[in-house]
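See structure below.
The values are calculated or read from the model by the stated rules, or taken from the named source; none is laboratory data. What you see is a predicted model; the values in this text were computed from it and never measured. Neighbour counts are summed over all protein chains in view; Cβ atoms, including those assigned to glycine, are modelled from backbone coordinates with ideal geometry. The area values use the complete protein model at the heavy-atom level, side chains included, leaving out ligands, DNA and RNA. Shrake-Rupley method; radii C 1.70, N 1.55, O 1.52, S 1.80 Å.
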Amino acid sequence: MFLPATRRETVNRVPCDGTSTLGHVVESLGVPLPEAGPMTIGGARVEPSTRPHAGDEVRVEAVPRPQPVPLEPGQDAPRFLLDVHLGTLARRMRLLGLDAAYHNDMDDPALVVQANAEHRVLLTQDRGLLRRRALWFGAYVRGSRPDDQLRDLLDRFAPVLHPWTRCTACNGELVPVDKDEVEGALEAGTRRSYDVYGRCADCGQVYWRGAHGDHLEEIVRESMRLVEVARGRSGSRAAVTERG
């Protein structure tokens, strides 16, 4: 999908200058390095820093799915950072309990700095942003609709989900609260209709299962299913490799 129309062939011939790295050659064709999977020359695994020679046959695989992400001690899922165009996706991810940082006023250099400092996977649809050499881990989000974007994300990373545990507004963690603690912030109809509440530990936003609860429950159920399918696919590949 990243190749120009004139390059969308199984095999592409490219000039070799003897000095450019394999990573530079791949990106010169339009593919950001975070979107390039394992690379081999003559069947031997090589790194993007390898300098290919004239006549070398290079194979560039797709990024494996699910894609492993280095985790810190105590983490069971990656942390994410989304660029300014993915605000709705960020809210969907928070609904699922994923740590999804988002700012609607942050420029590209600042995004890279935060992603690196906090070891967050930077999610974007900006190919230029993914080409920044300093970025430790990035991923292109496929799809123009939030539903499609979320499906792509879950298929790619198959992260552990903890639904209903994060504030969709600010990404803070939700804590259970007694009804009498938040009554002053509730409309009379809400007080009469609901008894279970949570509050964001960071911004104080109060949550309850309201009129949109069924729709949100469906998003959660479908997301859990997609992650299970993605993990099952990964397990099948591992079994085939072991038998081989």
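Worth a mention:
- Within segment 1-10, restricting attention to residues that are hydrophobic (A, V, I, L, M, F, W, C) and open to solvent by less than 100 Å² (accessible area, probe 1.4 Å), the residue that is nearest to Arg142 (Cα to Cα) is Phe2.
- In segment 141-173, residue farthest from Gly204 (Cα to Cα) [restricted to those that are outside any loop (DSSP other than H, G, I, E, B) and open to solvent by 30 Å² or more (accessible area, probe 1.4 Å)]: Asp155
- Between Val69, Val121, the distinction of being in contact (Cβ under 8 Å) with a residue 60 or more places away in the chain and within 27 Å of Arg233 (Cβ to Cβ) belongs to Val69 only.
- Restricting attention to segment 102-128, the residues that are open to solvent by 50 Å² or more (accessible area, probe 1.4 Å) and either charged (D, E, K, R) or farther than 28 Å from Val220 by Cβ (or both) add up to 8.
- Taking the numbered list (1) within 16 Å of Pro34 (Cα to Cα); (2) assigned to a loop (DSSP other than H, G, I, E, B); (3) in contact with a helix residue (DSSP H, G or I) (Cβ under 7 Å, 6 or more places away or on another chain) in turn, Asn104 passes all entries but (1).
- Of the residues making up segment 31-41, those that are without any contact (Cβ under 8 Å) to a residue 60 or more places away in the chain and under 29 Å from Gln125 (Cβ atoms) are Val31, Ala36, Gly37, Pro38, Met39, Thr40.
- Options Ala117, Ala139, Ala101: the member that is within 15 Å of the chain's Cα centre (by Cα) and farther than 23 Å from Glu27 by Cβ: Ala101
- Sole residue being open to solvent by less than 40 Å² (accessible area, probe 1.4 Å) and not in a loop (DSSP other than H, G, I, E, B), chosen from Gly23, Gly30: Gly23
- Filter pass, Arg13 being modelled with pLDDT of 95 or more and either surrounded by fewer than 17 Cβ atoms within 10 Å (Cβ to Cβ) or not in a loop (DSSP other than H, G, I, E, B) (or both): no
- Filtered by the rule that a residue be surrounded by 14 or more Cβ atoms within 10 Å (Cβ to Cβ) and not aromatic (Phe, Trp, Tyr), segment 203-216 gives Gln205, Val206, Arg209, Leu216.
- Within segment 201-213, residues that are more than 14 Å from Leu186 (Cβ to Cβ) and without any contact (Cβ under 8 Å) to a residue 40 or more places away in the chain sit with their Cβ atoms under 8 Å from residues that are part of a strand (DSSP E or B) and open to solvent by 70 Å² or more (accessible area, probe 1.4 Å), at 6+ positions apart or across chains, in these pairs: Ala201/Glu173; Asp202/Glu173.
- If you check Leu111, Leu135, Leu122 for being closer than 14 Å to Val84 by Cα and outside any helix (DSSP H, G or I), only one passes: Leu122.
- Positions within segment 83-101 being over 18 Å from His162 (Cβ atoms), touching a residue at least 24 places away in the same chain (Cβ under 8 Å) and open to solvent by less than 70 Å² (accessible area, probe 1.4 Å), in sequence order: Asp83, Leu86, Thr88
- Qualifying residue in segment 42-63 (condition: touching a Phe, Trp or Tyr at 6+ places or on another chain (Cβ under 9 Å), touching a residue at least 60 places away in the same chain (Cβ under 8 Å) and open to solvent by less than 50 Å² (accessible area, probe 1.4 Å)): no
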